[in-house]
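Peer 1: Quick one: the structure is below, questions incoming.
Just so you know, all these numbers are worked out from the coordinates, no wet-lab data involved. The shown structure was predicted, so the numbers you read here are calculated from the model rather than taken from an experiment. Cβ atoms come from the backbone with ideal geometry, glycine included; neighbour counts cover every protein chain shown.
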Amino acid sequence: MSFNAKVSYTANGSNATFAITFAFLDSTHVKVFLDGVATTAFSISGSNVIMNSNPANGVVVLIKRETPTDSRLVDFQDGSVLTESDLDKSADQNFFIAQEINDEFQSVLKLDTSDRFDALNKRIINVADPTSAQDAVTKNYLETVWLSPSDKSNITTLAGITNLASLASNNTNVNTVATNIANINTVASDIAKVITVANDLNEAVAEIDTVATNIANINTVGNDIANINTLATNIGTVNDFHNRYRVASSDPSTSLDAGDLVFNTSSNELKYYSGSQWNTVASQDQNVKVTGSDTGTGVLNDKLAVSGSLNKTVTNAGSNETLTLSVNVAEFYGFDLVDVDGDGIEETLRLTTTNNGADSITASEYEAFDDKIFAPSGYTWSLNSSGNLIATF
């Protein structure tokens, strides 16, 4: 149903702006109701109502126009100038009032074409208690006056029974039960015995069914009875292995004996108990751990880091490999300029070393060098075209 001078919204709790879908002559003619209660906690901006705060989720926001009917908005005077805006306002006042009356007429309870009152799927409130046989009855009157507490309790009990329709359709059977109620009571008094007999029969039938269903397995057991007898003879050994070997997500902490085994499914490791702690059973290709808590993967050569003058070398790669650590021997390098052609000019750079530490340098020789360097052995030295000393390792 559409209206000319009102519109309603259901608030969602996060919106404060609601559109005005009709024209109005003055902002004071726009009224707002929250769940039927008038409010002035809003402002108007253009064609929107803006609430001072967001209405709660589910609140019905009704916006309607109420054009004054007790006074004219334009009062024409003799000899005055008639303007379009005054004429329009006067005509709009009458037009808007007619729209609002039409809206109210659509909202009232009225007869339909079948001569019945139509509530338009709306609630009817403020109804008085009935006094005559054909008066309408309210929910409150039905629940608190007409129905007694025991009536409501019985109705609730019936509502919880799911097979009422089946009961009604089997009325003949119900009557038969009622006719034989004495016999039923006799059986009921000895129901424990009846249940015992039934259970015994069920157990016998179930056991026979089990044997019949598994006859192939029974035949297999019969064919392998020798192996079963061997197992029975050695059951102590089987139980001992069962007690020794376990599979668990963590290392066991109870019932521990030296020699116990466990496969740890979290670390995917087979471990043995030494009597004081669990130890991993190492395999030939197991990754090396730096410490017991190392979670990384890698072989020894990858995890062993060297620096400075320390070197590592792998020999016999791919077979019986050996990892060798070696240290570069410290070397002394002494430099001085000498005159080799006797022209009195020292134009030649002479290098003296300790020959990988095999030779000695005296204190006086050490002091006589123009420059001296301590470095690993293996350096070569040269002068470039600019006269700079170049070291190569």
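Peer 1: Expected output is a single nm value to one decimal: the length gained when fully extending between residue 375 and residue 223, i.e. 0.36 nm times separation in residues minus the C-alpha distance. What is it? Don't skip to the end; give the middle numbers.
Peer 2: Working: separation 152, 0.36 × 152 = 54.72 nm, distance 8.38 nm.
Length gained between residue 375 and residue 223: 46.3 nm.
Peer 1: Still on this structure, please answer the following. What's the longest uninterrupted piece of the chain once you rule out the trypsin sites (Lys or Arg not before Pro) that are loop residues per DSSP with at most 10 other Cβ within 10 Å? Numbers along the way, then the final one.
Peer 2: Numbers: sites that count: 116, 122, 123.
With trypsin sites (Lys or Arg not before Pro) excluded where exposed in loops, the chain gives 124-393 as its longest stretch.
Peer 1: Also, quick follow-up: With contacts defined as alpha carbon pairs under 8 Å and 6 or more residues apart, what's the relative contact order of the chain in percent? Display every interim value, and only then the final one.
Peer 2: Working: 393 pairs, mean separation 24.6, N = 393.
It rounds to 6 percent for the chain.
Peer 1: Can you give me the relative contact order of the range 147-271 as a percent, contacts being Cα pairs under 8 Å and 6 or more apart? Spell out each step's value before the answer.
Peer 2: Values: 41 pairs, mean separation 12.4, N = 125.
Relative contact order for the range 147-271 comes out at 10 percent.
Peer 1: A further question follows. Extending each Cα 7 Å along its Cβ direction at residue 118 and residue 184, get the distance between those two points in nm, one decimal.
Peer 2: The two pseudo-label positions are separated by 5.3 nm.
Peer 1: Show the residues, 5+ positions off or on another chain, whose built amide H is closer than 5 Å to the amide H of residue 48.
Peer 2: 20
Peer 1: What length, rounded to one decimal in nm, is gained on full extension from residue 267 through to residue 356, with 0.36 nm per residue of separation minus their alpha-carbon distance? Provide the component values of the computation, followed by the final result.
Peer 2: Values: separation 89, 0.36 × 89 = 32.04 nm, distance 4.98 nm.
Result: 27.1 nm gained on full extension.
Peer 1: Beyond a 27 Å Cα-Cα separation, which of these cross-linked pairs lie in this structure: 89/122; 110/152; 89/110; 64/110? Mind dumping the intermediate values first?
Peer 2: On the way: 89/122 35 Å; 110/152 34 Å; 89/110 33 Å; 64/110 22 Å.
As for pairs spanning more than 27 Å Cα to Cα, those are 89/122; 110/152; 89/110.
Peer 1: Pairs of Cα atoms under 8 Å, at least six residues apart: use those to get the relative contact order of the range 330-392, whole percent.
Peer 2: Numbers: 91 pairs, mean separation 22.2, N = 63.
Relative contact order, the range 330-392: 35 percent.
Peer 1: Could you tell me which of rounded, prolate or oblate describes the range 95-141, using a ≥ b ≥ c as the square roots of the eigenvalues of the alpha-carbon gyration tensor, with rounded for a/c under 1.5 and, failing that, prolate when a/b is larger than b/c and oblate otherwise? Numbers along the way, then the final one.
Peer 2: Values: a/c = 3.16, a/b = 2.04, b/c = 1.55.
Cα axes put the range 95-141 in the prolate bin.
Peer 1: Based on other C-beta atoms within 10 Å, arrange 352, 210 from fewest to most.
Peer 2: 210, 352
Peer 1: Output ³J(HN,Hα) for the range 339-356: one whole-Hz value per residue in order, computed from phi by the Karplus curve 6.51 cos²θ - 1.76 cosθ + 1.60 with θ = phi - 60°, and x for Gly and Pro.
Peer 2: Here the 3J(HN,Hα) series is 9, 8, 10, x, 8, x, 10, 8, 10, 10, 8, 10, 10, 10, 10, 9, 6, 6 Hz.
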